[in-house]
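Shown next, in structure tokens, is the structure this report addresses.
FYI, it's all coordinate maths here, none of it is from the lab. Since the model is a prediction, treat every value here as computed from it, not as a measurement. When we count neighbours, we look across all protein chains shown, and the Cβ atoms used for this are built from the backbone with ideal geometry, even at glycine.
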Amino acid sequence: MTTHDLEHAWKLAWTHGDVSALTDLMAPGYTRLSRASGTCLTAEELGEEILTIRRGFPDIETTIDSIVAEEERFVVFWSTVGTHTETFLGVPATGRTVKTYGTNLITLRGGQIIHEEVTWDGTEMLHSLGIRHLSDAGSSAQPVRTDDLSGDPDPEMLKTFNRQFVTGVTVVTTQDDEGRPRGLAVNAYASVSLEPPLVLVCIQKSSSTYPALFSATHLGINILGTQQRETIATFASKAPDKFASVAWHPAPGGSPLIDGSPASLEAEIRDRFQAKTHTVFICRVGHAEVTDADPMLYKAGRFYDSDGLTQI
Ligand SMILES: Cc1cc2nc3c(=O)[nH]c(=O)nc-3n(C[C@H](O)[C@H](O)[C@H](O)COP(=O)(O)O)c2cc1C
């Protein structure tokens, strides 16, 4: 099966309702696991699910944004747009147009699809319809609405809020499928827990580093220092080879760690949560290095030296 076959069948099933075009590509014993809900569907159940969604959103159009292909594995990045013009899961038509994004990890056996893991959070779509939880739908003629507030949210509101937040700056790195180092500047980093040692980063799906990160098993996180102002400019850019002028060394799992950084770690990617335009990567730390270089600070679009801060 080629990526072209998959794209063609995908479109026939989701956009035109010809589900057998897609299920014909599946091997006997096919399973489809949803990482968000933990449910596992057979090929037949998937076919029924597609038809249920299409009944609620008759103009639905699914686009495959990109496919990363390996020998026995495809990673499909998709987005779907549809208008809720018929009752869906017991919720009367809202007339709302909903756009949702997802990513499927597809495993092949003998040229057919044997297993699929879907990273798609259905609650995102339900929220756009004003439904708080799946159990609110179906059972009730008057579903619970969560967004009765009128008017559009002010896009400047969150920007203004974020400008008051001081962070460090990291470079998140990985290797692409040809072993080339890739990376981008990221300040959406947080330590999640110490036991187990978990961290998270949020990465925009439009980033050119994203496909390599999504299919990677490990990533590196480098906290940048006051001496690395040029490095941050490079990694915030779209330069084709950002590592050409940067000294680095590989971590045990192969992730590039940038020399001279105040701290660097390597972590194994454990989960990928979809948040519309971004993916939240939850990672388990396996290796960390720390130096005495001073970290750089970032606030409201500017970078600052952390040396000489006054304690309050
Ligand atoms: C201070 C700073 C913080 C950033 N934080 C993030 C972030 O948290 N997540 C993200 O996806 N992009 C973030 N970016 C933007 C990316 O670094 C930028 O879009 C970069 O050009 C992406 O490169 P790529 O497309 O080659 O991967 C940040 C940029 C800067 C300057």
Each label sits 7 Å from Cα toward the beta-carbon; between residue 33 and residue 81 the label points are separated, in nm, by 3.3
In nanometres, the difference between 0.36 nm per residue of separation and the alpha-carbon distance of residue 156 and residue 2 is 51.0 nm
Protection proxy (average C-beta count within 10 Å per residue), highest first, orders 181-192, 288-299 as 181-192, 288-299
For residue 271, other-chain or 5+-apart residues with amide H closer than 5 Å (H placed, Pro excluded) are 282
In terms of the alpha carbon gyration tensor, root eigenvalues a ≥ b ≥ c, rounded if a/c is under 1.5 and otherwise prolate when a/b exceeds b/c or oblate, the chain is oblate
Surpassing 25 Å at the alpha-carbon level, of the pairs 99/242; 205/299; 159/276; 11/238, are 99/242; 11/238
To the nearest 10 degrees, the tilt of helix 43-56 (Cα long axis) against the first principal axis of the alpha carbons of the chain is 90
Everything considered on the Cα gyration tensor (a ≥ b ≥ c; rounded for a/c under 1.5, else prolate if a/b is larger than b/c, else oblate), the range 224-277 must be described as oblate
When the charge dipole of the range 3-136 is computed with +1 on Lys and Arg Cβ and -1 on Asp and Glu Cβ about the Cα centre, the Cα farthest towards its positive end, among 94, 114, 43, belongs to 94
Residues whose built amide H sits under 5 Å from the amide H of residue 287, excluding neighbours closer than 5 in sequence, are 266
Restricting to Cα pairs under 8 Å and 6 or more apart, the percent relative contact order of the range 1-114 works out to 24
The FRET efficiency for residue 309 and residue 177, from their Cβ-Cβ distance with R0 = 51 Å and rounded to 0.05, is 0.75
Expected unfolding gain across residue 239-residue 226 under the 0.36 nm per residue rule, minus the alpha-carbon gap, is 2.5 nm
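Between residue 189 and residue 112, what FRET efficiency comes out of the Förster formula 1/(1 + (r/R0)^6) with R0 = 51 Å and r the beta carbon distance, rounded to 0.05? Provide the component values of the computation, followed by the final result.
Working: r = 40 Å, r/R0 = 0.78.
After rounding to 0.05, the efficiency reads 0.80.
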In whole Hz, the Karplus estimates of ³J(HN,Hα) for the range 105-112 (6.51, -1.76, 1.60; θ = phi - 60°; x where Gly or Pro) are 9, 10, 9, 9, 9, x, x, 10
Around residue 162 (Cβ within 12 Å, Cβ-to-Cβ, excluding residue 162; K/R +1, D/E -1) the net charge comes to +2
For the range 3-136, shape from the Cα gyration tensor axes a ≥ b ≥ c, cut at a/c of 1.5 then a/b versus b/c, turns out prolate
